[in-house]
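What follows is a set of notes on a single structure, which appears directly below.
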Amino acid sequence: MYGDRSSRARRVIAVLTGLQLPALLLGVALGVVALSPDELLGALADMLRGDTSSQAALIVGHIRLPRTLLAAACGTILALCGAVTQGLFRNPLADPSLIGVTGGASLGAALVMVLAAPAGLALMLGLVSAGAFLGGAAAVVLVYRLATDSSGTSVATMLLAGIGITALSGAAVSLLEFHADNQMLRRISLWKMGSFDNARLPELGLAFGVTALLCTVLPRYASALNALLLGESEASHLGVDVARLKRHLVAWVALGVGVSVALAGTIAFVGLVVPHMIRLLTGPDHRYLLPASALAGALLLMCADTAARLLAPPAEVPVGILTALLGVPFFMSLLRQRRQFGLPAA
Amino acid sequence: MTTLALHDASAGWGACPVLTGISLRCKAGDIVGLLGPNGAGKSTLLRLIAGDTDLLAGSAELGSKPLASWSSAARARCIAYLPQASSLTFPFTVSEVVALGRLPHAGGRQCDMTLVEWALAATDTQPIANRLYPLLSGGEKQRVQLARVLCQLETDASGGSLDGKLLLLDEPTAALDLRHQQDLVALLRQLAGRGCTVLVALHDINLLSSLCHRVMVVDRGHGIALGTPAEVFSADFLQSLYGTPLCVSTHPTGGYPLVFPQ
C-alpha cells in the first residue's frame with residue numbers, strides 16, 4: 001500500500017535519468033546550424049581525439065556542449081534549491097526567485113561587479129559568486145525571520161519580503177547599468193535576462209563542482225526535511241536538530257542560488273515549477289522529491305535552452321524570459337488553486 | 001522503575017515562568033491525567049518534558065538522567081509527544097505521515113512497515129491509509145497523528161516491554177467521536193500494561209476519571225492537587241477550580257467519579 005507511491009517515484013526517477021542523454025544530444029545537435037546524427041557523432045569523435053578543426057566540432061565543442069552542460073547544471077541546482085526552500089519554509093510557494101533569494105544574490109553580485117570591475121576575469125567569477133552567495137544568504141535569513149514563526153510561514157509576508165528585496169536589487173542593478181561601460185553593460189544585460197552563452201571551462205568547473213556538492217549533500221537532509229513539514233517542534237520531537245538543520249539548508253540554498261545567479265543570471269520559476277510538478281508525480285517525500293527534481297530541472301533547462309535557440313533564429317530568446325513565460329501562468333494557477341493543493345491561506 | 005521525576009520544577013519562556021513548583025513522579029505503567037482550566041499550564045508542562053520549553057528552576061529527570069542531558073535523538077527514541085494541533089499542509093498520504101514516526105529508530109524497512117500497519121489498525125485509520133492528509137477531517141487528522149506517535153513509541157515490532165517509554169498526549173480526544181474515544185482509552189491501558197508511562201492532558205473530566213490512575217490538577221501554573229480521581233474529584237474542590245456549580249456522582253458500573261454541571 002504505501003509502497004505504491006514509492007515504487008512510482010522510483011519509476012519517475014528512472015525515466016528522468018533515461019531522458020538526460022537524449023536531451024543533451026538534442027541540445028547539442030539543434031540550433032541555427034542543425035547537425036545530423038552523423039555530423040554530431042563525427043564531431044564528438046573529433047573532440048575526443050582533440051581535433052577541433054571541423055566546423056561541426058567547433059560548434060559542438062566551443063558553443064553548444066558547454067552551454068547545454070551549463071544549462072543542465074543550473075537546472076539541477078535551481079530545482080534542488082527550490083525543493084529545499086519549500087521544505088524549509090514548509091510552503092510550496094517558496095521559490096528562491098519569488099521570495100527574494102535570487103534578488104538578494106543579484107544584488108550581491110551587482111555590488112561586487114561595481115567594486116571589483118578592474119579585476120581579471122577568472123578572479124571576477126569567484127568574487128561575483130561570493131557576492132551572490134552572501135546576498136542570497138542575507139535574503140533567505142531576512143525573509144525567514146520576517147515570515148516564519150512557530151505556527152508556520154505567512155505566505156503574504158514571505159512574498160511581500162520577496163517583492164521588497166527584488167525591487168531593491170533591481171534598483172541597484174539599474175544604478176550599475178547607469179555607470180557601466182560597454183563591456184560591463186553586456187555582462188549585466190546577459191545576466192539580467194538569464195543566459196548560458198558565456199559557458200567556458202572555469203564556469204563549467206564551478207557549476208559542476210557546486211552541482212556535485214549539492215547532489216551529494218542535500219539528499220542527506222531528506223528525512224529531516226520530511227519531519228520538518230510536520231512542524232518545527234514536531235521535527236525536534238522526532239530527534240531533528242531543527243536550528244542546525246535550518247542553518248545548513250540556508251547556507252546550501254544561498255550557495256546554489258548564488259552560483260547559479262553568478263553564472264547564468266536570473267532564471268526564474270524553475271525552483272517553483274519543477275518541484276511542484278514532481279510532487280504531483282511522487283508525493284512530497286523528499287527522499288524521492290530531491291533526486292527527481294534535480295533530474296527534471298536539468299532536463300527542463302536543457303530543453304528550454306534548446307528552444308530558446310530555435311524559436312527565432314538566428315536571434316536567441318534569453319532562456320530566463322522563456323522560463324518566466326512558462327512559470328508565471330503556472331504561479332498564477334497555483335495562487336488560484338491554493339486550497340486544492342492544501343496551501344494555508346495567506 | 002521511575003520513568004519521570006519532576007521536583008519543584010519551573011518552566012516558561014524568558015524570565016516569566018508559566019509553571020512554578022511542579023513536582024511529579026511517574027513509574028512505568030502509570031497513566032497520569034493533567035486537568036485544569038484553560039491556560040493553566042498543562043500544555044507547558046508537556047512541552048517542558050518534551051524539551052520545547054526550558055527548565056528555569058528545580059529538577060526534571062527522565063530515566064535517571066537530567067532531562068537537559070538527553071540528546072534530542074535519544075529523547076525522541078524515549079518520548080513520543082502528540083501536540084494539540086498540527087500544521088502539516090503538504091499532501092502526504094496517511095501512511096506516509098504515520099511512517100514519519102519511525103524517523104528516530106533504525107529498525108529497518110520491514111520493521112517500520114509492520115509497525116505502520118499496526119498503528120494504522122490501532123487507530124482505525126487503515127481504511128483511509130491512502131488518502132491525502134490535508135484533505136482529512138479534524139478527527140481523522142488527530143487519529144493519524146496519534147498513529148504517528150504510536151509508531152514513534154515502539155522500538156521494534158516485537159510488541160515487547162515499553163519500560164522507560166513516555167507517551168505525552170495533549171487533548172488527544174478533542175476531535176474524536178465517542179467510539180474512537182473509547183478505542184483510545186483501551187489502547188492507552190494496553191500500552192500502560194506493557195510498561196509505558198502515559199501523561200495526558202484532557203478537558204473531558206469523565207473520560208479522564210475513567211482512564212487515569214492518578215490526576216494532577218494544574219491551576220495558574222501551580223500543581224494544586226495530585227491523587228486518584230476518587231481522592232481529587234470533590235464537588236467543592238472542582239467548583240472552586242472552575243468557578244461554576246458542579247455535582248459529583250459515581251459511575252454505575254465502573255465505580256469511578258463522574259462530574260456534571262448543576
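No value in this document is a laboratory result; all are computed from the given coordinates. None of the values given here were measured: they were computed from a predicted structure. Glycine also receives a Cβ, built like all others from the backbone with ideal geometry; neighbour counts cover every protein chain displayed.
Taking only C-alpha pairs under 8 Å that are 6+ residues apart, what is the relative contact order of chain A in percent? Spell out each step's value before the answer.
Numbers: 554 pairs, mean separation 106.2, N = 346.
Normalised by residue count, the contact order of chain A is 31 percent.
Using the number of other C-beta atoms within 10 angstrom as an exposure proxy, rank B:Cys16, A:Cys81, B:Cys151, A:Cys215 with the fewest first.
Ascending number of Cβ neighbours within 10 Å: B:Cys16, A:Cys215, B:Cys151, A:Cys81.
With a cut-off of 8 Å between alpha carbons and a minimum separation of six or more residues, what is the relative contact order of chain B in percent?
It rounds to 25 percent for chain B.
Report the one residue of B:Ala11, B:Gly29, B:Ser43 whose Cα lies farthest in the direction of the positive end of the charge dipole of region B:1-79 (charges on C-beta: Lys and Arg +1, Asp and Glu -1; origin at the Cα centre).
B:Gly29
For peptide B:185-197, how many partner chain Cβ atoms fall within 10 Å of a residue's Cβ, on average? Mind showing how you got there, number by number?
Details: counts 0, 0, 0, 0, 0, 0, 0, 0, 0, 0, 0, 0, 0.
So the per-residue partner count for this stretch is 0.
Quick check on the exposure proxy: order B:Leu56, A:Leu280 from fewest to most C-beta atoms within 10 angstrom.
Lowest to highest Cβ neighbour count: A:Leu280, B:Leu56.
To the nearest 10 degrees, how steeply does helix A:182-193 sit against the main Cα axis of chain A, on a 0 to 90 scale?
Once rounded, one gets 50 degrees.
Could you identify which residue out of A:Gly100, A:Gly258, A:Gly31 has the top mean-square fluctuation in a GNM of chain A using Cα springs shorter than 10 Å?
Residue with maximal mean-square fluctuation among A:Gly100, A:Gly258, A:Gly31: A:Gly31.
Under a GNM of chain B (C-alpha, springs under 10 Å), which listed residue has the highest mean-square fluctuation: B:Lys65, B:Lys141, B:Lys165?
Of B:Lys65, B:Lys141, B:Lys165, the most mobile in the Gaussian network model is B:Lys65.
Under the rule a/c < 1.5 gives rounded, and otherwise a/b versus b/c splits prolate from oblate, where does chain A land using the Cα gyration tensor?
Cα axes put chain A in the oblate bin.
Whose amide H sits under 5 Å from the amide H of B:Thr3, counting only residues 5 or more places off or on another chain, with H placed in the peptide plane?
Under 5 Å from the amide H of B:Thr3: B:Cys26, B:Lys27, B:Ala28.
What is the average number of partner chain Cβ atoms found within 10 Å of a Cβ in A:83-90?
Rounded to a whole number, the mean comes out at 1.
Nearest 500 deg cm²/dmol is fine: what mean residue ellipticity at 222 nm does chain A get from its DSSP H runs of n ≥ 4 alone, each adding -39,500 (n - 2.57), divided by its residue count?
Taken over chain A, the calculation gives -25000 deg cm²/dmol.
To the nearest 10 degrees, how steep is helix A:101-115 against the longest Cα principal axis of chain A, on a 0 to 90 scale?
The angle comes out at about 50 degrees.
Where a Cα-Cα gap under 26 Å defines reach, which lysines qualify for B:Lys65, not counting those fewer than 8 residues away within the same chain?
B:Lys27, B:Lys42, B:Lys165
Which residue fluctuates the most in chain B, going by a Gaussian network model with Cα springs under 10 Å, if the choices are B:Thr250, B:Thr173, B:Thr44?
It is B:Thr250.
If contacts are Cα pairs under 8 angstrom and at least 6 residues apart, what is the relative contact order of region B:116-262 in percent? Walk me through the numbers before you get to the answer.
Numbers: 168 pairs, mean separation 23.6, N = 147.
Relative contact order, region B:116-262: 16 percent.
Determine the dipole magnitude for region A:2-340: charges of +1 sit on the beta-carbon of Lys and Arg, -1 on that of Asp and Glu, nothing else is charged, the reference point is the Cα centre, and the result goes in debye to the nearest 20.
The calculation lands at about 740 debye.
What is the mean number of Cβ atoms from other protein chains located within 10 Å of the Cβ atom of each residue in peptide A:224-234, rounded to a whole number?
So the per-residue partner count for this stretch is 5.
Rounded to the nearest 10 degrees, what's the angle between the helix B:178-193 long axis and the longest principal axis of chain B, both from Cα atoms, 0 to 90?
Compared with the principal axis, the helix lies near 90 degrees.
Using the Kirkwood radius over Cα pairs, work out the Stokes-Einstein diffusion coefficient for the protein assembly as shown at 20 °C and 1.002 mPa s, in µm²/s as a whole number. Could you put the intermediate results ahead of the total?
On the way: Rh = 26.8 Å.
Using the Kirkwood radius from Cα pairs, D works out to 80 µm²/s.
Would you work out which of B:Leu103, B:Leu132, B:Thr155 lies farthest towards the positive end of the dipole of region B:99-155, given +1 charges on the beta-carbon of Lys and Arg and -1 on that of Asp and Glu, about the Cα centre?
B:Leu132
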